[in-house]
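These notes concern the structure reproduced below.
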Amino acid sequence: MVSRRSPALDLERPRGGYLSRGNVVSLLSQLAVVALVIGGGYLLFATTQANLEQRQIHSGFRFLSFEAGFSIGDSLIPYSPSDTYGYAFLVGIINTFFVSILSIVLATVVGIAVGVAEVSRNWLIARLGEIYVELLRNVPLLLTLIFMYTVVLAGLPAVRQSIDLFGLVFLNQRGLYLPRPLPLDGFGYVAAAFAAAVVGVIVLVRWARRHHERTGTAVPVLALSVALLLLAPLVAYVAAGLPLDWELPALKGLNFRGGWVCRPEFAALLVGLVLYRGAFIAENVRAGIVAVGKGQREAAAALGLPPGRTMHLVVLPQALRTIIPSTTNDYVSLVKDSSLAVAIGYPDMVSIGGTMIGQNGQAIEVIGMWMAIYLAINLLVSLLMNWANVKAQLVDR
Amino acid sequence: MTKRWFTSLCAMVIAGPAVAGTLDDVKARGQLNCGVGEGVPGFSIPDSSGRWTGFDVAMCRAVSAAIFGDPDKIKFVPLSSNQKVLAVATGQVDVTSRTTTWTMQRDAKEGVDFTVIVYYDGQAFMVRKDLGLKSAKELAGGTVCVTAGTTTELNLADFGRANGINFEPVVFDGKKEAVNAYASGRCDALTTDYTQLAAFRTTLADPKAHVILPEIISKEPLAPLVKHGDNQWKDLVTWTIIGLVQAEELGVTQTNVDDMKATTKNPDIQRMLGVSGDYGAYVGLGKDWLYNAIKAVGNYGEIYDRNLGSGSPLGMERGKNALWTKGGLLYVPPIR
Amino acid sequence: MPEVFTPSPALPPPPSTVGAIGWMRENLFKGWFNSALTIVALLFIGAVVPPLASWLALDATFSGDAAACRASGGACWSFIAAEARLFMIGTYPIAHAWRPLVSGLLLLGLFVATARHLLPPLTAAALWLLLPLPVYWLLGGGLGLEEVEPAKWGGLMLTLLLAVVGVVVSVPCGILLALGRRSRFVAIKSVCVGLIELVRGVPMITILFMATIMMPFFLPQGVQVGIVFRVQIGIILFSSAYMAEVVRGGLQGIDRGQHEAAAALGLKRWHTTLFIVLPQALRDVLPPLIGRCIALLKDTSLVIIVGLLDFLGIAKAAAKDPQWLGFDAEAFVFCAAVYWVLCFSLSRYGKSLERRGHGAFKK
């Protein structure tokens, strides 16, 4: 945000030459600040350098190419202890991204649902929504996370007493085990069909909008898109001869093997982040809806729109303009909050970085890497949401 | 504190980063800063009145007694495993005595020096008895709770690789968290040094329901560490601890040390207790340095028995930590 | 006698639109969708509330030892009572417990005096700024009081100390940063912008790691700063950047006419800022400032990751006492309740300020 100088300040500006009193003061004070910053920075740097040298602590980023030697419990990419520190850190970055993106999506869903519930005309639903928001917002996230992990999830049954759904899905202390699809030879066709369906949907949406503007008749875009996205791959799947195998989780030895597993550390982090941040987003949504003038709703009702469509077609699009900026901040906060993974043992970037500090002592480098990556993520989220904001503002006619 | 900070800042600005010895700093401060564990029974844990006790704690108390003649002039700083080496390298503590394994990387690269091995341990696995396991190799595919940033974590990965076993590790920031997760059933096994497993077992709801598997998968020579580059300070800590072992060899105990000092004819004991020679001066201390240390905390054997051995809930055998004369590995250089 | 038209008295509204039934029809069962929602909500309440109530109160044990607790099956509140000292002041020596208590009373007294407008605003501000001094003296000792090392500070006391000192010191720092950010001097402005955005761009935990692990590298040899103070410095740094943004919002909301009027009266730039703009801006930003206080109070719980035993840390540790093994849920619920009461009442206070017109710039 650029802060504009007020005219009052201009009034005071001396109109003398380059060496007028004002300019000299300005120059001197700026020089002082620059000197202070550079001097302070140099002092810190020199002290650190002296400290490192005196203890013969090796510094630099060379360690990133050394073998890490530790294992990681939950990785989305194949990882073994013989991989490098750099690669281990990448595993952490990917985990951070994964849990952040998933939480953002789910927290948005929860936030919108609860926010709409809070302004519902149903008294009971509105109170429940309020209780949820006030309860979650006023308790530290870390407490919610630790509570989830040590109390809620620890209450799940032991491996041998797993909750068993038709022999397909298992739930126990070690996580939620789901069947995993294994693509066979002809699966490429299914993927291609899905890609084609996506293109089809895009074309359909554009055509429907033009058609609507030209003729005034609405096309049931949502139903058609869903049908296209589901049917095209399904047809291809059957035509290609069911090219998919399922790997079922099964108890072998001490643990379940095979299938997809959602581990308790991940689940606790995800649920905690979604519930906590969802409460904040709900508050944004509520405030946004309340800010839309009552007249809009009354006008919509006068036109005969039912309450559901009023919300969907009239109120929410206008509310978005106030919701998006504040929700951007919540998304950014959520990404930063995901660093609390370290408290419950989910191997995110901070957790793996902490292990790296413990294993080789290169704290300065690791903390620098953390900061750089979080700053980059922040910038990315802000850019994306600014773009979304511009889109939402364009609707303003 | 603020005043001291300010004084040293001024001193630094005026004189540049002058290097004072750690011993001078400690004496000026009137207090030894000792890094310890965050609560490992037997090694370092506060008792119900908040007083720190344990084997590692006793080592620091011995150093404090050697310097000040008082085992309580210490500030104990609990350190997480991520901080245990850095805290001493950056001078936030004067010595770390915290079940820390002596490794080449730490010694040569991370800005610290190890003093002398005080405890020979090895990594093992603890499992529930009802799993019926006989060997760690049967843990294949099992979930193992482990602490981040430790040699334990690396040894676990190495053991898996060497034996072609896949473990599913669950890594925690602190030992307590790892023990809790094991206790709640999140993991099949808990791995750390054998002695600590035995110690943690006593804190579980039903200690008898857990067994420690026989395999010792690593060497864990535990040693107190000091910052790199202050040889006088390193000598002081090293020889104070050596003195405690020497005292056990020579039969000098907390109770008989006064008698010994007054009556002994043994030249070794005379040298050690400052009756003859001035060995304390070699490390910058008075003649009575070891007398004070032994008087305060007893000899090595007494410290062991009180915290880990027969006099403690753990009841550990001396094993490798017996004197060399009794089949153990404790063989320290002489004080002469 | 002319016939006069007398309307018959109005009929009462149909019974189905007034009273409890009418209210329910209007608010709970209007249309099938609404009715369905109500029924789902009722089912949910029916499933959650009775077991919760019996655990929290009906089956709970309020006095008695761990064995009595285990037998009852409900919550074990006697555990909280037994460990109350630990929760409140950590391992602070019990003989000196009056010192945290007096500090707490000082804080409470000052808060009430400020909220009730018993003090002139400037005096109140000065007292708040000075508050850390007597509190540190009381807790830490020195000057006649026996020293209690910061390693023994813990529990709710430590949480409040970190949060209150964090807020009190970071507000002036934030004001300076915000003014710097609006400075016409490019150098000052870019330094402030850089600092604010850097700190706001990273998670608090990285700042805390920096304070605990990295800061010692920055310090000259032989300088030891205890971990509590390093963490406090980290918290202040973190909070200052957010406070700066709050204050900036207030500064931006001040009408340009104020500047112009001040200039017309011949006030200097700094006088305008100090006596005209800043007081109005600060008054306007009180509600969001309270919001930051709440956020900071919650955020201080992160210090357990760097090894301090604050209120949450004690809750985690208390249930590991061999005597009371396994009452984690009670510890966390109690901890959450205390946090909730503190944060919720603060947020209510913020809302009431907003209603009284302090949030003027928002409109």
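The values are calculated or read from the model by the stated rules, or taken from the named source; none is laboratory data. All of these numbers come straight from a predicted model, not from anything done at the bench. Glycine also receives a Cβ, built like all others from the backbone with ideal geometry; neighbour counts cover every protein chain displayed.
Restricting attention to the stretch A:166-175 and to residues that are surrounded by fewer than 20 Cβ atoms within 10 Å (Cβ to Cβ) and in a strand (DSSP E or B), the residue that is farthest from the other protein chains (Cβ to nearest Cβ) turns out to be A:Val169. Return yes or no: is A:Ser338 away from chain B (no Cβ under 14 Å), within 24 Å of the chain's Cα centre (by Cα) and among the small types (Gly, Ala, Ser)? Answer is yes for this residue.
Between A:Ile146, A:Ile131, A:Ile163, the distinction of being under 30 Å from B:Tyr182 (Cβ atoms), surrounded by fewer than 20 Cβ atoms within 10 Å (Cβ to Cβ) and in the same structural domain as A:Arg263 (by TED's automatic domain parsing) belongs to A:Ile163 only. Within the stretch C:17-34, residues that are facing another protein chain (nearest Cβ under 8 Å) reach partners that are surrounded by 13 or more Cβ atoms within 10 Å (Cβ to Cβ) and of a type in the set (Phe, Trp, Tyr) with beta carbons closer than 7 Å, at six or more positions or on different chains, in the pairs C:Asn27/A:Trp123; C:Leu28/A:Trp123.
Residues in the stretch A:232-260 that are free of Cβ contacts under 8 Å to residues at least 12 places away in the same chain and aliphatic (A, V, I, L, M): A:Leu234, A:Val238, A:Leu242, A:Ala250. Restricting attention to the stretch C:261-279, the residues that are within 12 Å of another protein chain (Cβ to nearest Cβ), closer than 17 Å to C:Ser183 by Cα and surrounded by fewer than 16 Cβ atoms within 10 Å (Cβ to Cβ) add up to 3. What about C:Lys351, is it within 12 Å of chain A (Cβ to nearest Cβ), part of a helix (DSSP H, G or I), within 14 Å of the chain's Cα centre (by Cα) and more than 23 Å from C:Ala151 (Cα to Cα)? Here the answer is yes, as C:Lys351 does meet what is asked. Would you check which residues across the stretch B:293-320 are among the polar types (S, T, N, Q) and either closer than 13 Å to B:Ile241 by Cβ or not in a helix (DSSP H, G or I) (or both) and list them? B:Asn299, B:Ser310, B:Ser312 - these are the residues of the stretch B:293-320 that are among the polar types (S, T, N, Q) and either closer than 13 Å to B:Ile241 by Cβ or not in a helix (DSSP H, G or I) (or both). Looking only at the stretch C:179-200, decide whether some residue is closer than 30 Å to A:Met356 by Cα and assigned to a loop (DSSP other than H, G, I, E, B). The answer is no, given that none of the residues of the stretch C:179-200 is closer than 30 Å to A:Met356 by Cα and assigned to a loop (DSSP other than H, G, I, E, B). Within the stretch A:97-120, is there a residue that is in a loop (DSSP other than H, G, I, E, B), touching a residue at least 60 places away in the same chain (Cβ under 8 Å) and on the phi < 0 side of the Ramachandran plot? Yes; the residues of the stretch A:97-120 include at least one that is in a loop (DSSP other than H, G, I, E, B), touching a residue at least 60 places away in the same chain (Cβ under 8 Å) and on the phi < 0 side of the Ramachandran plot. Taking the stated definitions as given, is B:Val95 touching a Cys at 6+ places or on another chain (Cβ under 9 Å) and within 12 Å of chain A (Cβ to nearest Cβ)? No; evaluated as a whole, the condition is false for this residue. The residues of the stretch A:343-397 that are in a helix (DSSP H, G or I), of a type in the set (A, V, I, L, M) and surrounded by 24 or more Cβ atoms within 10 Å (Cβ to Cβ), listed by number, are A:Ala343, A:Met349, A:Val350, A:Ile352, A:Met356, A:Ile357, A:Ala363, A:Val366.
Look at (1) modelled with pLDDT of 85 or more; (2) touching a Lys or Arg at 6+ places or on another chain (Cβ under 9 Å); (3) over 24 Å from A:Ile146 (Cβ atoms) and you find that A:Ser333 fails only one, number (3).
Just to be sure, is A:Ala218 outside any helix (DSSP H, G or I), under 30 Å from A:Ile125 (Cβ atoms) and of a type in the set (A, V, I, L, M)?
yes
Looking at this structure, is A:Gly175 assigned by TED's automatic domain parsing to the domain that holds A:Pro157 and of a type in the set (Gly, Ala, Ser)?
When the stated conditions are applied, A:Gly175 passes them.
Of all residues in the stretch A:73-83, exactly one satisfies the criterion of being in contact with a strand residue (DSSP E or B) (Cβ under 7 Å, 6 or more places away or on another chain) and surrounded by 15 or more Cβ atoms within 10 Å (Cβ to Cβ), namely A:Gly73. One residue is enough: does the stretch C:212-224 have a residue meeting the conditions among the small types (Gly, Ala, Ser) and within 27 Å of A:Ser59 (Cβ to Cβ)? Within the stretch C:212-224, one or more residues are among the small types (Gly, Ala, Ser) and within 27 Å of A:Ser59 (Cβ to Cβ). The conditions of being buried (at least 24 other Cβ atoms within 10 Å of the Cβ) and over 15 Å from the mean Cα position of the chain (by Cα) are not met by A:Ala302. Considering the conditions (1) within 23 Å of C:Thr300 (Cβ to Cβ); (2) surrounded by 19 or more Cβ atoms within 10 Å (Cβ to Cβ), C:Pro220 is excluded by exactly one of them, (1).
Within this structure, A:Phe147 fails the test of being over 23 Å from A:Leu334 (Cα atoms) and more than 18 Å from the chain's Cα centre (by Cα).
Just one of the listed residues (C:Leu282, C:Leu308) is more than 8 Å from every other protein chain (Cβ to nearest Cβ) and touching a strand residue (DSSP E or B) at 6+ places or on another chain (Cβ under 9 Å), and it is C:Leu308. So which of C:Thr6, C:Thr91, C:Thr17 ends up being surrounded by 14 or more Cβ atoms within 10 Å (Cβ to Cβ) and either over 30 Å from A:Val119 (Cβ atoms) or of a type outside the set (A, V, I, L, M) (or both)? Matching residue, one of C:Thr6, C:Thr91, C:Thr17: C:Thr91. Evaluate the following for C:Pro13: is it of a type outside the set (Val, Ile, Thr) and either on the phi > 0 side of the Ramachandran plot or free of Cβ contacts under 8 Å to residues at least 24 places away in the same chain (or both)? So C:Pro13 fits the description; yes.
Can you report the number of residues in the stretch A:50-72 which are in a helix (DSSP H, G or I) and exposed (fewer than 13 other Cβ atoms within 10 Å of the Cβ)?
Step one: filter the stretch A:50-72 for residues in a helix (DSSP H, G or I), giving A:50-55, A:62-65.
In the following step, the residues that additionally are exposed (fewer than 13 other Cβ atoms within 10 Å of the Cβ) were identified as A:53, A:62, A:65.
Residues meeting the conditions: 3.
Does A:Ala113 satisfy being modelled with pLDDT under 90 and aliphatic (A, V, I, L, M)? No: the conditions fail for A:Ala113. Of the residues in the stretch C:92-109, at least one is closer than 21 Å to C:Val225 by Cβ, modelled with pLDDT under 90 and outside any helix (DSSP H, G or I).
Output the residues belonging to the stretch C:209-266 that are without any contact (Cβ under 8 Å) to a residue 40 or more places away in the chain and assigned to a loop (DSSP other than H, G, I, E, B). C:Leu219, C:Pro220, C:Gln221, C:Gly222, C:Val223, C:Gln224, C:Val225, C:Asp255, C:Leu265, C:Gly266 - these are the residues of the stretch C:209-266 that are without any contact (Cβ under 8 Å) to a residue 40 or more places away in the chain and assigned to a loop (DSSP other than H, G, I, E, B).
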